[in-house]
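S.K.: I have a structure here, written as structure tokens, and I will follow up with some questions on it.
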Amino acid sequence: MGKSMLDPHDPIIGLLDRDQRYRFEAYVFIFEALRFAQDRLEMGEPCRSIDSLPSPADEFEEDAIQKHVSGQDLCEAIRHYALDQYGLVAQNVLAHWGIRSTGDIGEIVFNLIDIGKMKKTENDHREDFENVYDFDEALRQGFRITLADPSEEPQT
């Protein structure tokens, strides 16, 4: 879904106009990576965010308690998700959207918190995302191109 398909009153439209460092796709990717962290990697601890104060009536509703993923864990999940989705070109794809470091991930997360699209706990800070890993190293590790040994070729 592109920016033009959003409700013109959605707060992300104003965010994209105010902070042009990151493309819309970067925000979508962060949401997808968070879901990947919670569902596939089983990251996160049940907790209440400081931004949501449920009333006694919704005390036992499912979304009154959410799974919280720390900044460092989210960065690690993003690394796995990016490699899973984009392989060797993951770093290029993320850079095209404006994500060039784990600090950028934190900026995006806190932009989303500021407009009410994500929530945080009292222990969450932008600094949690700083220098979690080196993007170049983290998004290329594990990929090795190997050539077949000609001596191991089957004889015909």
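The values are calculated or read from the model by the stated rules, or taken from the named source; none is laboratory data. Source: prediction; values computed, not measured. Here Cβ is always computed from backbone atoms with ideal geometry, including for glycine, and neighbour counts include all displayed protein chains.
S.K.: Any idea which residue in the stretch 71-101 is surrounded by the fewest Cβ atoms within 10 Å (Cβ to Cβ), counting only those that are β-branched (Val, Ile, Thr) and free of Cβ contacts under 8 Å to residues at least 60 places away in the same chain?
M.R.: The extreme case among them is VAL89.
S.K.: Is at least one residue of the stretch 82-89 within 12 Å of the chain's Cα centre (by Cα), assigned to a loop (DSSP other than H, G, I, E, B), modelled with pLDDT of 75 or more and within 19 Å of GLU130 (Cβ to Cβ)?
M.R.: No, there is no match, as no residue in the stretch 82-89 is within 12 Å of the chain's Cα centre (by Cα), assigned to a loop (DSSP other than H, G, I, E, B), modelled with pLDDT of 75 or more and within 19 Å of GLU130 (Cβ to Cβ).
S.K.: Taking the conditions exactly as written (within 17 Å of VAL28 (Cα to Cα), charged (D, E, K, R) and modelled with pLDDT under 90), does LYS119 satisfy them or not?
M.R.: When the stated conditions are applied, LYS119 passes them.
S.K.: Kindly check whether there is at least one residue in the stretch 139-150 that is surrounded by 15 or more Cβ atoms within 10 Å (Cβ to Cβ), under 19 Å from ILE30 (Cβ atoms) and at pLDDT 90 or above.
M.R.: no
S.K.: Being surrounded by 10 or more Cβ atoms within 10 Å (Cβ to Cβ) and either aliphatic (A, V, I, L, M) or at pLDDT 95 or above (or both) is the requirement here; does ASP104 meet it?
M.R.: Yes, satisfied.
S.K.: Further, regarding this structure: Counting only residues that are outside any helix (DSSP H, G or I) and modelled with pLDDT of 90 or more, how many does the stretch 1-30 have?
M.R.: The total comes to 5.
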